[in-house]
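This report concerns only the one structure given below.
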Amino acid sequence: QGTIHPFRKTHKSVFGKLKQEFRLVTSDRRSWRILLFGALNLLCTGCLLMWCSSTNSMALTAYTYLTIFDLFSLITCLISSWVTMKKPSQLYSFGFDRLEVLAVFASTVLVQLGALFILKERCVCLPLTHTQTHSGRLLVGTFVALFFNLLTLLSVRNKPFTYVSEAASSSWLQEHVADLSRSLCGVIPGLSSVLLPRMNPFVLINMAGALSLCITYMLIEINNYNAVDTASAVAIALMTFGTMYPMSVYSGKVLLQTTPSHVIGQLDKLLREVSTLEGVLEVRNEHFWTVGFGSLAGSAHVRIRRDANEQLVLAHVTNRLLPLVSTLTVQIFKDDWTRPLLSGTLSSSPSPVPPLGPEGYAIPPSSSALPPLLSDPLTSTPSKPSSPPPEFAFDTPGRNVQQVVLPAAGHHAHGPYGGLGLAYGASPYAGMLSQGVARPGMPSSQSYRTAFGAPTLPLRFGTSNPLASQSQYRQYQP
């Protein structure tokens, strides 16, 4: 009975959105196994915490934190399943892969904080309190926690933690066990498939913690040695911290969008191959980072030749990098190199025509009106404004060449080439060198007379004459 809003958006609450996403996750049958083990984990953790309170054992409390870590790993597995169902949106263009990285980082950091809490309780409060440990349910709690932890690790496929445990560096516990395993496999080669190259860190920490609790139980039962419970708690806390620390570092580097160390060599090889492709001149501004576990993103600028086909080069570059970089952005641009314009000879606007003098010759502009040349206009030789002109240049006299005097017509006109202004007769070497040699392609003086209507006068070339320092070519009256 009111206004109809057909395109009205419904705003759901946070609880409603979580309920909708939970339904999406539970639509997959594989998620029911994760939920079942999560419920069993809560039940087992509650029982272990009650037994820790009844036995007053800090070592069993430290071992119970591993069960809590299994609960975090199950939650991470659910998040990973949800991420695979979600598609990239406009707001999250790379998808939600970083959410499972954040879940792994948070889980490992929380377990390390629990280990630090155990170390603080035992190292700070130990001199002030003397606790009596009851070993009645200590051994039962140990085997219950070990059985459930191994059952969870081997029954549920947790892809995020499996990838992190293989990609991260080895912990100190794994290194020491690997040394013992090599010696043991030398005697029993059949164990190499299980113990080498390194054991699963989660299975290893559970086995080592259970062994420590068994030793604690025997020492308390035989010698009533209650201090061993504190030593066992410290040992389990240190092993837990040492096992989780490399995984926290690796997941933290992924969150910081760094390039994985084990991929740098492959990326360098692929970039070298791309730089040798036909038409590729340069690959620059390349940047690669990890979006999630096993997914690499990257971008690069590729400079190609002017005559290269952009689409063809883009296809070849993408074909080389795509097997390693799942999300790739390549920008192709052609070579922007241009020949530098010669200042003074090439300009965008035509230069004005110089005015004519009284004799019909062009009046050269003064040196103060000329702009400073950054390069010689005739030789294209770069030079500083303060540097001297080049030694040799085309169509210009050299700096150390003597003046050349071309006689006017009428002198030795009886020669076969008198019209060209060539001097005849024997002359000493000194006079010849001082006089120079005329260029054969020089027009005759008669042509100058008919063109300008004035008697031809000898032309002097060179810059050593103080009267001719203002320009390169100038005519003087006798």
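Averaged per residue, the range 217-278 has 52 square angstrom of accessible surface, using a 1.4 angstrom probe with ligands and nucleic acids left out.
Applying 1/(1 + (r/R0)^6) with R0 = 41 Å to the Cβ-Cβ distance of Ser13 and Ile222 gives a FRET efficiency near 0.10.
On the accessible surface of the range 192-277, probed at 1.4 Å, how many percent belong to carbon and sulfur atoms?
65
In the context of the full set of protein chains, the range 51-146 has a per residue accessible area of 49 Å² (1.4 Å probe). Is the shape of the range 58-204 best called rounded, prolate or oblate, per the rule: a/c under 1.5 gives rounded, else a/b larger than b/c gives prolate, else oblate, with a ≥ b ≥ c the square roots of the Cα gyration tensor eigenvalues? Oblate is the answer for the range 58-204, as a/c is 1.5 or above yet b/c matches or exceeds a/b. Computed from the C-beta positions of Val263 and Leu24, the FRET efficiency with R₀ = 30 Å rounds to 0.40.
In this structure, Leu271 and Glu175 have a Cβ-Cβ separation that, at R0 = 30 Å, corresponds to a calculated FRET efficiency of about 0.35.
Could you tell me what percent of the accessible area of the range 1-121 is made up of carbon and sulfur, with a 1.4 Å probe and every protein chain present? The nonpolar share, carbon plus sulfur, comes to 66 percent.
Available extension along the chain between Glu278 and Ala106 is 57.2 nm, counting 0.36 nm per residue and deducting the alpha carbon span.
The values are calculated or read from the model by the stated rules, or taken from the named source; none is laboratory data. For clarity, every value in this text was computed on a predicted model and none was experimentally measured. Note that we place each Cβ from the backbone using ideal geometry, even for glycine, and neighbour counts take in every protein chain shown. Ligands, DNA and RNA are stripped out before the accessible areas are found, and what is left, the full protein with its side chains, is counted by its heavy atoms. Shrake-Rupley method; radii C 1.70, N 1.55, O 1.52, S 1.80 Å.
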